[in-house]
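Worksheet for the structure shown next.
Only the coordinates and a few stated rules stand behind these numbers; no lab work does. Given the structure is predicted, the values throughout are model-derived calculations rather than measurements. Neighbour counts are summed over all protein chains in view; Cβ atoms, including those assigned to glycine, are modelled from backbone coordinates with ideal geometry.
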């Protein structure tokens, strides 16, 4: 083994010690990440399987694992997707304003504020959501039910506390907004001057320039930023646990007082009192969340990959 | 279609810095005018002030008059967007939109100008523009492929096709061949000769032979000194400028005895 390596080394160009050390440390760093990920996956699987296989009378929730986890998956996805739907347009708008419209000083101030929002702990958002936003939204929800009640999303009856899945999604949207905005801003700023000028010289207005030069260039970056935001929204625990009044149902009704819970919030709220196989079931639900996040990332990669020819990277 | 340009007493600033001072020059319709001069003398800056692209840079401004067929481009009620739609521009480095196909690139300006187009109409514009730019035969089978997959010379001709697709009055070219090999350069020079029939062309070049080959009129820009603004030294018919210029600085520059 060593002799093969040493002959191979003789034939290749000599490496410098600095290169070797750097190569070694970066490989070690990369392997650490892989090992951590594998370790988490292994733990979740081993601890989770008994929970999956447990019969209804062995666990506290009294149902099979599938019946238990499906509403949670539904709630997790619904809250995260709603949050993204609310946050992405705003984030892109704010990022574009900062990068291309605002005067320089205002732009940097706004940039700082956005970065600051990202640093606020999620429990603070939770307190804000429960003590201010939920109450403030109660009249909005009854208005939504009165005027848009024919849409199943707003069928009502509206919650009296305002602690609905929609409120939770709005809190989540505010939380993921700075992440998406900050990334989009950086990407928008990197749009090649050459492409912006090409658009302007054709007689594009500023908005048309954004559509011709900035958005196409930033496309894959916007998707990546959104996926990071989605990751945060899927995994966010504290704010959802505090804001949402959950009852483990599957419903698209966004404003009523019966709401689906999310996996992360459910784990946080029930883990302390759980014993035996119930703990394993909760860990298994964590594994499901892990898998969802994985799938989401793969999907994002695939979307970016699909239009590689046109990405401008070649 | 092609229009003449009349510039009088144009001062061009970057913030407080006067970059180009007091340029007065007429440009005849359907002719090629070449701007030559050392780097940093304001040729490109002046060219960019002819379609109001100069002011895209923060703090950049202009005073003076630029008349296109008697219409002042810097009049208060003039929208720079409309000015740029009327005056096409080709840049130093080829800059097709990388996310668009060849055909979409050609139609990019068209889509800004008019909202809806029939498919046949769009196809006609693509073919006509690419033919005018001498690119049609090379790309007609891959119009839906990305423009960034073409060679540098082809990309530059694609940019020319994009600029003339909207049938502008004037075509500005900022060192269009500086990033290209001699063969692509000669293709583009031939193209300039062709385009002259329909467009007023203004070209900035560092290549003296190119100026001599393509232009009818040549204008020589120079710096008055270090830290001084650039200015137009003289302009005249290309033949005279290259054989018997009036200013000794022009002669020195053209003969390569500069600096």
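Contact order normalised by length for region B:36-120, with contacts defined as Cα pairs under 8 Å and 6 or more residues apart; what percent is it? Can you show the working numbers first?
Working: 36 pairs, mean separation 15.7, N = 85.
Dividing the mean separation by the residue count of region B:36-120 yields 18 percent.
Cut-off is 10 Å between beta-carbons; in what order do A:36, B:24, B:33 appear when sorted fewest neighbours first?
Least to most surrounded, the residues fall as A:36, B:24, B:33.
What is the fewest-to-most order of B:158, A:153, A:200 by other Cβ atoms lying within 10 Å of their Cβ?
A:153, A:200, B:158
How well do other chains shield peptide B:73-81, expressed as the mean number of their Cβ atoms within 10 Å of each residue Cβ? Please list the in-between numbers first.
On the way: counts 0, 0, 0, 0, 0, 0, 2, 3, 7.
Mean number of neighbouring Cβ atoms from other chains: 1.
Given axes a ≥ b ≥ c from the Cα gyration tensor, I'd like to know whether chain A is rounded (a/c under 1.5), prolate (a/b larger than b/c) or oblate.
Here chain A falls in the oblate category.
Just the number, please: Stokes-Einstein D of chain B in µm²/s, Kirkwood Rh from C-alpha pairs, 10 °C, 1.306 mPa s.
84 µm²/s
Rounded to the nearest 10 degrees, what's the angle between the helix B:152-165 long axis and the longest principal axis of chain B, both from Cα atoms, 0 to 90?
The answer is roughly 90 degrees.
Between region A:248-302 and region B:1-37, how many Å separate their Cα centres?
67 Å
For helix B:119-132, what angle does its Cα long axis make with the longest principal axis of chain B, in degrees from 0 to 90 and rounded to 10?
Approximately 40 degrees, to the nearest 10.
Can you pull the three principal axis extents for the Cα set of region B:1-132, in Å, largest first?
48, 31, 28
Mean 1/r over all different Cα pairs, inverted: what Kirkwood radius does region A:101-225 give, in Å? List each step's numbers first, then the result.
Working: mean 1/r = 0.0571 Å⁻¹.
Taking every pair of different Cα atoms in region A:101-225, averaging 1/r and inverting gives 17.5 Å.
Based only on other Cβ atoms within 10 Å, what is the fewest-to-most ordering of A:282, A:31, A:82?
Values: A:282 24, A:31 10, A:82 20.
Ascending Cβ contact count within 10 Å gives the list A:31, A:82, A:282.
What is the mean number of Cβ atoms from other protein chains located within 10 Å of the Cβ atom of each residue in peptide A:201-214, rounded to a whole number?
Numbers: counts 19, 17, 17, 7, 4, 1, 0, 4, 2, 0, 2, 7, 5, 0.
Average neighbour count from other chains, rounded to a whole number: 6.
What relative contact order, as a whole-number percentage, does chain B give when Cα pairs under 8 Å and 6 or more residues apart are counted?
Relative contact order for chain B comes out at 27 percent.
May I ask for the distance between the Cα centers of region A:44-59 and region B:190-245, given as a whole number of Å?
Comparing the Cα centres of region A:44-59 and region B:190-245, I get a distance of 82 Å.
Looking at the protein assembly as shown, what % of its DSSP beta bridges pair antiparallel, to the nearest 5?
Antiparallel: roughly 55 percent of the beta bridges in the protein assembly as shown.
Rounded to a whole number, what is D in µm²/s for the protein assembly as shown from Stokes-Einstein with the Kirkwood radius over alpha-carbon pairs (4 °C, 1.567 mPa s)?
Details: Rh = 28.7 Å.
Stokes-Einstein gives a translational diffusion coefficient of 45 µm²/s.
According to the square roots a ≥ b ≥ c of the eigenvalues of the Cα gyration tensor, what is the shape class of region B:59-188, taking rounded for a/c under 1.5, prolate for a/b larger than b/c otherwise, and oblate for the remainder?
In terms of gyration-tensor shape, oblate.
As I understand it, the value is the acute angle between the Cα axis of helix B:102-113 and the longest principal axis of the Cα atoms of chain B; what does it come to in degrees, rounded to 10?
Approximately 70 degrees, to the nearest ten.
Using only the Cα atoms of region A:180-276, construct the convex hull and provide its projected area averaged over every direction, in square nanometres to one decimal.
9.5 nm²
Using DSSP, restrict attention to beta bridges with both residues in chain B and report what percent are antiparallel, rounded to the nearest 5.
If we restrict to bridges inside chain B, about 55 percent are antiparallel.
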